[in-house]
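Have a look at the structure below before the remarks.
The values are calculated or read from the model by the stated rules, or taken from the named source; none is laboratory data. On a predicted model such as this, the values are computed, not experimentally measured, just so you know. So basically every Cβ, Gly included, is an ideal-geometry build from the backbone, and we count neighbours across all protein chains shown. Heads up: the accessible areas ignore ligands, DNA and RNA and are worked out on the full protein's heavy atoms, side chains in. Shrake-Rupley method; radii C 1.70, N 1.55, O 1.52, S 1.80 Å.
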Amino acid sequence: MLDIKQIRENPQVVQELLNRRGNYDIQPVLQLDREQRKLEGMRSQLQAKSNEIGRLVGQKIKALGNPQAPEIEALRQEGNAIKVQLSELEPQEKDLRTQIEALLLSLPNLPSDSTPVGRNEDDNVEVRRWGEEYIPSNPNLLPHWELGESLGILNFERSAKVAQSRFVTLMGVGAALERALIQFMLDRQVAAGYVEVIPPFLINTQSLTATGQLPKFAEESFKCDQDDLWLTPTAEVPLVNLYRDEILAAEDLPIYHCAYTPCFRREAGSYGRDTRGLIRLHQFNKVELVKLVHPTTSESEHQKLVQDAEAILQALQLPYRVVELCSGDLGFSAAKTYDLEVWLPSSGKYREISSCSNCQDFQARRGGIRFKEAGKKGTQLVHTLNGSGLAVGRTMAAILENYQQSDGKTVRIPAALQPYLQREFL
RNA sequence: GGAGAGGUGGCAGAGUGGUUGAAUGCGGCAGACUCGAAAUCUGUUUUAGGGCAACCUAACGGGGGUUCGAAUCCCCCCCUCUCCGCCA
């Protein structure tokens with residue numbers, strides 16, 4: 001959520017930054033804000049008067065000893081008159097507040113100053129590449145879904161029977177590989193100082209609103225209608241919301257968390273795309289990194305977070321590149337985002353395998369996540385950051401394709417993973 | 001699922017209609033005493049909105065209601081705890 005004060009005080013700056021993202025207009029919210037403040041002034045004056053009368057009545061009853069005295073009745077009358085006026089103003093103001101809140105919740109974060117300006121993914125900026133020497137030279141590699149099915153470790157047909165299309169079942173050593181990847185990723189990040197968490201996988205509406213999935217993207221999430229609970233679309237949501245409505249001590253920061261969770265997404269509006277394989281499923285596994293940090297450190301923490309995600313790809317010797325998203329391609333809550341894209345031979349290009357974002361105070365404001373510095377008055381909002389470290393299914397796809405042997409039947413297991421699987425080949 | 005108890009400030013814990021934004025204790029902070037510390041004493045210590053400001057307003061799980069006036073009374077919802085049932 002954007003700061004209404006910031007919008008009020010620097011409307012042109014905010015509008016210009018929103019224009020870098022797309023079509024957004026702050027005038028409606030500004031207008032409502034003016035009306036609301038006017039009403040608030042009137043209302044609080046009336047309430048002050050009403051409080052005064054209440055006090056007087058109490059005093060008079062004590063002094064006169066007669067609750068029915070005419071003097072007191074007169075005050076009651078006056079109090080009732082004010083109540084009538086208030087009963088008119090209060091709903092109006094409340095309605096305005098609700099509208100303002102709704103508008104604010106639907107505005108995306110402002111891109112950071114350093115975010116490249118652009119319209120869509122074509123304007124994203126490649127930052128660096130790593131491991132080009134690991135790109136397979138053999139042009140006749142099987143796509144991972146064909147290889148996986150022939151190896152008997154991926155099964156899409158039976159998954160559709162159990163659930164639907166866009167689900168996978170991992171069998172045998174495929175399941176073991178997925179588990180090994182999760183363990184490997186977590187071990188690495190725990191060693192780097194992240195505290196491992198296993199959060200709830202069902203998430204309430206308030207939590208999804210805080211991190212920005214709601215209200216705009218309800219159609220992307222699976223909902224359990226009877227319970228105000230949604231299947232988590234990413235561990236970012238539960239991890240950040242662990243601290244919702246808290247005032248932390250400055251010494252508590254930074255907080256580093258990593259978590260493995262399954263992730264559930266409806267993938268509405270992507271019907272034609274990536275219909276085969278592990279790239280786009282309704283359910284996938286992911287290890288997520290989340291940081292809550294002091295605002296002055298969030299930029300450097302963001303860089304470090306990206307490196308922590310990159311470390312996994314490097315350890316697995318998978319070729320990748322780092323791309324900075326342009327303003328038009330930024331996610332709703334992000335001020336600045338780096339995507340990691342792994343080389344996928346079946347696509348003949350780099351494909352997203354991690355997205356690392358600095359949300360600055362956007363989620364913290366929605367979720368009321370603040371901290372207090374000893375000796376300083378007031379509270380400040382933390383900055384939240386998140387990144388995949390990594391999407392496990394896509395990592396499996398990248399391994400199956402990039403580590404495929406020329407016989408078209410076997411896959412070498414990355415050296416870093418071999419201790420976890422106790423074998424060299426699939 | 002059934003029965004009961006309860007949700008108050010950083011924590012503990014008073015408060016059942018009228019200077020209670022909230023006693024008291026602990027913790028925190030500042031000061032005094034001390035060479036320094038402990039102990040002791042004194043003061044201080046919630047958050048948010050509005051206003052140039054003085055200041056005003058709101059909040060005792062959430063939402064409604066009664067009343068001149070609600071932490072206190074009434075209704076609905078949520079959560080926690082205990083016992084029973086069920087279950088991994």
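Key figures
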| item | result |
| --- | --- |
| Equivalent ellipsoid semi-axes - Cα gyration tensor, region A:285-376, angstrom | 30, 15, 11 |
| Computed E for A:Ser270/A:Glu73 - FRET, C-beta separation, R0 60 angstrom, nearest 0.05 | 0.30 |
| Loop-located trypsin sites (Lys or Arg not before Pro) in region A:331-426 whose Cβ has at most 10 other Cβ within 10 Å (DSSP) | A:Lys376, A:Lys377 |
| Cα Rg over Rh - region A:161-287, Kirkwood | 1.00 |
| Length added when fully stretched, A:Ser87-A:Gln12, from 0.36 nm per residue minus Cα-Cα | 23.4 nm |
| Choice from A:Gly79, A:Gly148, A:Gly328 with maximal GNM fluctuation in chain A (Cα, 10 Å cutoff) | A:Gly79 |
| Spin-label zone in region A:322-353 - amide nitrogen under 19 Å from a point set 7 Å from the Cα of A:Ala315 along the C-beta vector | A:340-343, A:353 |
| Trypsin sites (Lys or Arg not before Pro) restricted to region A:44-148 and DSSP loop, no more than 13 other C-beta within 10 Å | A:Arg119 |
| Which listed pairs, of A:Lys216/A:Lys349; A:Lys60/A:Lys83; A:Lys83/A:Lys216, have C-alpha distances above 26 Å, in listed order | A:Lys216/A:Lys349; A:Lys83/A:Lys216 |
| Cut-off 17 Å (backbone N to label point 7 Å along Cα→Cβ of A:Gln59), residues of region A:76-91 | A:76, A:78-79 |
| Gaussian network model of chain A, springs between alpha carbon atoms under 10 Å - residue of A:Ala163, A:Ala63, A:Ala397 with greatest fluctuation | A:Ala63 |
| Of A:Lys5/A:Lys49; A:Lys5/A:Lys372; A:Lys336/A:Lys377, pairs whose Cα-Cα distance is over 25 Å | A:Lys5/A:Lys49; A:Lys336/A:Lys377 |
| Largest-first ordering by accessible area, 1.4 Å probe, given options A:Ser150, A:Ser207, A:Ser114 | A:Ser150, A:Ser114, A:Ser207 |
| A:Asp95 - accessible surface, heavy atoms, 1.4 Å probe, Å² rounded to 10 | 80 |
| Debye, to nearest 20: dipole size of region A:302-351, +1 on Lys, Arg Cβ, -1 on Asp, Glu Cβ | 60 |
| Positive-end residue of A:Tyr350, A:Ile312, A:Phe284, charge dipole of chain A with Cβ unit charges | A:Phe284 |
| Cα→Cβ-extended label distance, 7 Å offset, between A:Lys409 and A:Lys223, nm | 5.1 |
| Placed amide H near A:Ser221: partners under 5 Å, 5+ positions off or other chain | A:Arg266 |
| Given charges at Cβ of Lys, Arg, Asp, Glu: region A:27-106 dipole, positive-most of A:Ile61, A:Gln99, A:Pro28 | A:Ile61 |
| log10 of Debye I(q)/I(0), alpha-carbon scatterers only, for region A:54-211 at 0.10, 0.13, 0.16, 0.19 Å⁻¹ | -0.82, -1.14, -1.27, -1.26 |
| Tail fraction, Cα-Cα pairs, chain A, threshold 31 Å, whole percent | 49 |
| DSSP-defined beta bridges in region A:121-421 - what % are antiparallel, rounded to 5 | 90 |
| Cα shape, region A:201-352, gyration tensor, a/c 1.5 rule | oblate |
| Alpha-carbon centroids, region A:240-278 and region A:297-351: separation in whole Å | 16 |
| Nearest-20 debye value, region A:27-106 charge dipole, Cβ charges on Lys, Arg, Asp, Glu | 260 |
| Convex hull volume per residue for region A:1-137, taking Cα atoms only, in Å³ | 180 |
| Region A:403-419 versus region A:126-184: alpha-carbon centroid distance in Å | 12 |
| Inter-label distance for A:Glu149 and A:Thr297, nm, one decimal - labels placed 7 Å from Cα along Cα-to-Cβ | 5.0 |
| Cα→Cβ-extended label distance, 7 Å offset, between A:Thr379 and A:Asn51, nm | 2.2 |
| Extension gain, A:Lys38 back to A:Gln99 (0.36 nm per residue minus Cα-Cα distance, nm) | 20.4 nm |
| Aspartates and glutamates with Cα under 18 Å of A:Lys161, excluding same-chain neighbours fewer than 8 positions away | A:Glu149 |
| Candidates A:Met396, A:Met171, A:Met42, ranked by Gaussian network fluctuation over chain A, Cα under 10 Å, top entry | A:Met42 |
| Heavy atoms of A:His294: accessible area, 1.4 Å probe, square angstrom to 10 | 40 |
| Probe 1.4 Å - accessible area at A:Leu151, Å² to nearest ten | 50 |
| For region A:27-106, the spread of Cα positions along each principal axis, largest first, Å | 57, 16, 16 |
